[in-house]
1. Could you tell me what fraction of 2.2 N^0.38 Å the Cα radius of gyration of the stretch 170-254 comes to, as a two-decimal ratio?
2. Taking Cα atoms of the chain, Rg/Rh with Kirkwood Rh, to two decimals?
3. Compute the distance in nm between two label points, each set 7 Å from the Cα along the Cα-to-Cβ direction, one at T142 and one at H193.
4. Say each of D20 and D134 gets a label point 7 Å from the Cα, pointing the same way as Cα to Cβ; how far apart are those two points in nm?
5. If I take R0 = 22 Å and measure r between the Cβ atoms of D117 and R159 in this structure, what FRET efficiency does the formula 1/(1 + (r/R0)^6) give, to the nearest 0.05?
6. Given the -39500 (n - 2.57) contribution per DSSP H run of 4+ residues, what per-residue ellipticity at 222 nm results for the chain, rounded to the nearest 500 deg cm²/dmol?
7. If a/c stays under 1.5 just call it rounded; otherwise compare a/b with b/c (prolate if a/b is bigger, oblate if not). Do that for the stretch 37-86, with a ≥ b ≥ c from the square roots of the Cα gyration tensor eigenvalues.
8. Give, in whole angstrom and from largest to smallest, the semi-axes √(5λ) of the equivalent ellipsoid of the stretch 20-154, with λ running over the eigenvalues of the Cα gyration tensor.
Amino acid sequence: GLAAVELARASDVYVEPSLDLKQARITELSARISADLEENTRAASLYRRAADLYLKVDEVAEAGAAWGAYARLVASEDTIAAVRAYRRGIELMEQVDEQRGVMVLRRQLPTAVQDTDGLDAGLYELGVAVALNDTNETRALTDSEFRETLAEWDFEFERLDLADTRARMYGTAERYDEALTILGDIPERMYDHGAEQQGISSRLLRAQLMFASDRVDDGLAQLEVIIAELRTWGDRESTIIDMAGIGARALVRA
């Protein structure tokens, strides 16, 4: 029913969709609800079913998005299945030149590939994502229709986010000093760009990398900056306590 309402709101002239399209949309909605309820096995099955139903009615981009949602859902438990699902979603979206969706899945693929095939393989996929972002930025400058299709995609923030991802990947591989070098001033640049929450998350990454490389005092200094900023955001006491806990555990280990 909610899916039908969504369809009605999308157009002034409401045309009854096919039963298959209705079923696809409601199946996808059911998958989202199941995932929110942490019924992950049911949600995974429903996302795969939704993808099949979307393909049946030639809604290729939506099928790709459903595969992407499935991949994110299973990534922590079955990275091989997640990688396959990401690749399937990318393949489908590329068929219809749904570049926004392709960039979203390309952004998420590298860490899953690292989990299955190692850092070098993950970095290769990250390089593909960086190149795609740059290519689409150039295309958007010369193609007004493509620019409208991408809506408000932020190419500069994407570069910052992908650099943050690269640092996280090196950190996962326990190459902490290299990760810190790659991270550089990314947290501050994110914050200055208007992405305050992502900037805070990136600064936390810097603190964690410093703790991992035995630079405890420097890591604590980063946490102090985070806590000071969080105090200006209103009711963030639980998050502030979490940050303090991270610092306390680092001191205990030291």
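Since every read-out is calculated from the coordinates, none of them should be taken as a lab result. Since we're looking at a predicted model, the values are computed, not measured. A quick note on method: Cβ atoms are made from the backbone with ideal geometry, for glycine too, and the neighbour counts reach across all protein chains shown.
1. Normalised Cα radius of gyration, the stretch 170-254: 1.07.
2. Over the Cα atoms of the chain, Rg/Rh equals 1.02.
3. Placing both labels 7 Å beyond Cα along the Cβ direction yields 2.4 nm.
4. Inter-label distance under the simple model: 4.2 nm.
5. Working from the Cβ atoms, E equals 0.35.
6. Computed mean residue ellipticity for the chain: -26500 deg cm²/dmol.
7. oblate
8. Computed over the stretch 20-154, the values are 25, 21, 11 Å.
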